[in-house]
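Have a look at the structure below before the remarks.
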Amino acid sequence: MSFNEERLLESEYVMGTYARKPVELVRGRGMEVEDADGRTYLDFVSGVGAVSLGHCHPALVSALEEQARTLIHVSNYYYIEHRGEVARLVSDLLNACVADDEPMPWQSFFSNSGAEANECAFKLARLHAKKRAVAAAERAGADEDAVRAAAANAPRLIVTLDRSFHGRTLATLAATAQPAKQEAFQPLPDGFIRTPLNDVEALERLFASQGDAICAVMVECVQGEGGVHPCTAEFLQAVRRLTGERGALFMCDEIQCGMYRCGTYPFGFQHFGVTPDVVTIAKGIASGFPMGMCAARADVAASFDAGDHGSTFGGSCLAVAAAEATVRTLAAEGLAENAERVGAYLREALAQLPNVEEVRGLGLMVAVDLAEGVSAPDVVLAGLDAGLLLNYTGPRTLRFLPPLVCSEADVDVLAQKLGRLLGA
């Protein structure tokens with residue numbers, strides 16, 4: 001089928017929720033993808049940061065082929081191979097910076113996406129708060145009516161940050177503190193409140209006025225859709241302190257900045273000297289195969305009982321096979337170190353380009369703000385003719401999320417071509 005035929009079919013039968021770029025991608029390998037006309041592109045989007053191993057990595061392809069020949073799906077009613085291994089691997093990664101010789105294990109719920117992982121985290125936070133309130137009332141000798149009242153009045157407010165992005169379901173959209181994305185879908189679920197990024201005083205005021213109602217704070221340690229804005233260590237440490245004082249949960253949305261995307265460490269929070277109670281994971285965990293996880297410290301995860309949450313396809317045979325292959329290959333090929341080294345090289349190269357006003361990011365999660373009058377959407381479109389897949393998150397903001405196999409040579413090609421597009 002030709003590209004034009006595909007476009008016509010999509011225009012008639014696919015909902016128009018995306019303004020797709022005028023290209024049909026049909027195959028890929030490593031950093032490169034090829035379109036239906038045989039043109040190749042260097043991919044600095046990687047499926048919005050999901051294709052962590054690069055396109056069609058042999059380890060991932062082999063794992064999926066082998067699993068597809070063996071067993072594809074049976075549901076979560078049964079034990080399957082690889083699921084426990086992946087949960088243990090992720091627990092070890094989450095404890096990578098914990099000094100304790102025998103750190104508490106993390107327990108995971110498997111989902112199909114980052115939005116579903118965040119939905120799980122919201123439910124866990126509210127249930128955990130409710131069970132804490134009930135337990136406290138029972139310890140105080142409360143009667144049945146008082147226990148029920150304690151459950152009904154348990155903290156349920158979840159704090160998120162301005163410019164955050166946590167998904168497009170109704171609840172995750174309510175948590176996404178971007179009014180422009182929310183307005184068309186009002187009324188949204190209540191129980192969410194926003195606070196400014198990196199403003200410790202504002203956070204302290206919020207806890208002083210509403211701390212008894214707060215059950216959790218969810219943050220992206222590096223905001224992705226908001227334009228790659230890192231939290232400060234001071235701010236994250238304040239989140240950890242204030243949630244600890246109130247018995248609320250500190251939750252990190254690591255969907256975009258996790259799985260070595262920020263270089264050096266497995267997760268973004270590990271760059272800032274804090275340890276949360278709940279971590280949500282997706283995108284790079286299975287290198288492009290649909291996969292999400294909500295991981296919680298075992299004592300928090302214990303708030304869930306059988307039947308409290310579920311998913312038909314979450315943690316399927318194919319998904320966990322892909323995740324195990326991805327996690328093991330990320331370590332075996334030293335891609336954390338590569339992300340750190342090449343990410344620094346990328347930021348330095350971008351800073352030298354014309355009409356670049358600011359460069360931000362960690363590892364291979366990078367953004368640039370362009371000069372006034374330079375349109376990021378126009379640059380992205382022009383990039384196609386130059387053989388580049390690029391992405392923008394704002395009128396003047398370009399975001400770079402290449403596969404973690406990106407090399408300095410790839411950056412050199414990007415800098416040369418992008419420099420011409422920006423006026424070099």
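The values are calculated or read from the model by the stated rules, or taken from the named source; none is laboratory data. This structure is a prediction, so every number in the text was calculated from the model and none was measured. Please note: Cβ atoms are built from the backbone with ideal geometry, for glycine as well, and neighbour counts cover all protein chains shown. In case anyone asks, the SASA skips ligands and DNA or RNA and just uses the protein heavy atoms, side chains included. Shrake-Rupley method; radii C 1.70, N 1.55, O 1.52, S 1.80 Å.
Between G288, G268, G310, the GNM of the chain built on Cα springs shorter than 10 angstrom shows G310 fluctuating the most. Cβ distances below 4.7 Å define possible disulfide partners, and in the chain the cysteines left without one are C56, C97, C215, C221, C231, C252, C257, C262, C317, C406.
Once the 1.4 Å probe is applied to the protein heavy atoms, region 71-333 comes out at 42 Å² accessible per residue.
The charge dipole of region 71-333, taken about the Cα centre with unit charges on the Cβ atoms of Lys, Arg (+1) and Asp, Glu (-1), comes to about 360 debye, rounded to the nearest 20. Projecting the Cα atoms of G16, V217, I255 onto the charge dipole of the chain, computed from C-beta unit charges around the Cα centre, puts V217 farthest toward the positive end. Ignoring lysines fewer than eight residues from K181 along the same chain, the ones with Cα atoms less than 22 angstrom from its Cα are K21, K283. Taking the Kirkwood radius as the inverse of the mean 1/r across Cα pairs, report the Rg/Rh of region 71-333. Computed over Cα atoms, the ratio is 0.96.
With protein chains left intact and a 1.4 Å probe, residues in region 2-53 average 65 Å² of accessible area per residue. Of I193, A321, A99, which is farthest towards the positive pole of the chain's charge dipole, taken about the Cα centre with +1 and -1 on the beta-carbons of Lys, Arg and Asp, Glu respectively? Most positive-ward Cα: I193.
Packing, taken as the mean count of other beta carbons within 10 Å per residue, orders the peptides 5-11, 122-128, 414-420, 349-355 from highest to lowest as 122-128, 414-420, 349-355, 5-11.
Listed values for region 329-345 are Karplus-derived 3J(HN,Hα) couplings in whole Hz (6.51 cos²θ - 1.76 cosθ + 1.60, θ = phi - 60°), namely 6, 4, 6, 5, 9, x, 6, 5, 5, 5, 4, 5, 5, 6, x, 5, 5, and x replaces Gly and Pro. Per residue, the convex hull around the alpha carbon atoms of region 73-151 comes to 163 Å³.
Of the solvent-accessible surface of region 71-333, computed with a 1.4 Å probe and all protein chains present, 52% belongs to carbon and sulfur.
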